[in-house]
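For reference, the structure is listed below as structure tokens.
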Amino acid sequence: MTDCIFCKIANNKMKSNTIYEDEKVKVFLDLNPSTNGHMLIIPKKHYQDIKDIDSEIILHSIALIKVTLFPLLKEKLHCDGLTISQNNEYGQEIKHFHIHVIPRYTNDDNVHTYNKEILLPIDDVYSKLTNK
Ligand code: 5GP
Ligand code: ZN
């Protein structure tokens, strides 16, 4: 898509700190990182989100994290853990599918905060999801 910034990054029309790329995906540093080494994996082809993406790209990306990116982050940045996340619709700023690869460090305080006020009892949620 012509006005998509991640398409521009994928097609080298816009600069990025690229860590890895192959024929299917590109991995680069997030410009506004949650922690040191926060990366994004994007497919080179434009997909909006989990609804339209080819599942093979997700499998490819998870294998890439397991085999290459997590070991790299451990070796070079000495991270203590790894969080993987991916936003769809609400919470998704850039409408080109991407996976966040967020190295974790002891005491990094990178915790998700949610509004506990709107939480339902777990049994109610279970009922809604299963009709039981
Ligand atoms: P989302 O909220 O869509 O899941 O995450 C989008 C991410 O893309 C954000 O973490 C944001 O910092 C990052 N981002 C937005 N624009 C750019 C950009 O032009 N270059 C890079 N490297 N990251 C970007
Ligand atoms: Zn795009």
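Every number here is computed from the coordinates shown, using simple stated rules; none is lab data. Computed from a prediction, not measured in an experiment: that's the story for all the values here. Note that each Cβ is placed from the backbone with ideal geometry, even for glycine, and that neighbours are counted across all protein chains shown.
Some notes on this structure:
- Selection within region 1-60 - charged (D, E, K, R), near ligand 1 (Cβ under 9 Å from one of its atoms) and either under 15 Å from SER85 (Cα atoms) or touching a residue at least 24 places away in the same chain (Cβ under 8 Å) (or both): ASP30
- Each residue in region 101-130 was checked for being surrounded by 10 or more Cβ atoms within 10 Å (Cβ to Cβ) and either touching a residue at least 12 places away in the same chain (Cβ under 8 Å) or in a loop (DSSP other than H, G, I, E, B) (or both), and 9 pass.
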